[in-house]
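Here is the structure we will look at.
The values are calculated or read from the model by the stated rules, or taken from the named source; none is laboratory data. Quick caveat, the model's predicted, so the values are computed rather than measured. Virtual Cβ from ideal backbone geometry, glycine too; neighbours counted across all protein chains shown.
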């Protein structure tokens, strides 16, 4: 099974638990960005309203570097990144996991 499919299966089983992390707007599957550079590594991406230094967060607010054995990334969404009522950010390629837990939106911007 391809990595993306494994992550999708993991998200299908754990979406509700992950979605309640404070500040998380949505969760997707994308490639990890480090210092503005795409690493090409597929990961679970948490889209948040504001990135906060981990030292200022409570334990229940932290997004671990690995969840379920999968690498994570945290992306701050600015209002210029999405339309009102839409949490889909402008990125080169991503799959947004929806609350229905059954469909993916393939998007290229």
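The figures follow:
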read-out: Considering residues of the range 30-43 that are under 21 Å from residue 78 (Cβ atoms) and touching a strand residue (DSSP E or B) at 6+ places or on another chain (Cβ under 9 Å) only, the residue surrounded by the fewest Cβ atoms within 10 Å (Cβ to Cβ); value: 34
read-out: Residues that are more than 17 Å from residue 69 (Cβ to Cβ) and more than 13 Å from the chain's Cα centre (by Cα), drawn from the range 27-49; value: 34, 35, 36, 37, 38, 39, 40
read-out: Residue match in the range 90-97 (condition: at pLDDT 90 or above, touching a strand residue (DSSP E or B) at 6+ places or on another chain (Cβ under 7 Å) and over 17 Å from residue 16 (Cα atoms)); value: no
read-out: Cross-chain or 6+ apart pairs with Cβ under 7 Å, the range 22-42 first and on the phi > 0 side of the Ramachandran plot, then assigned to a strand (DSSP E or B); value: 23/48; 40/31
read-out: Residues satisfying the stated conditions in the range 49-64, i.e. surrounded by 10 or more Cβ atoms within 10 Å (Cβ to Cβ) and part of a helix (DSSP H, G or I); value: 54, 61
read-out: Count of the range 11-26 residues which are within 14 Å of the chain's Cα centre (by Cα) and either assigned to a helix (DSSP H, G or I) or at pLDDT 90 or above (or both); value: 8
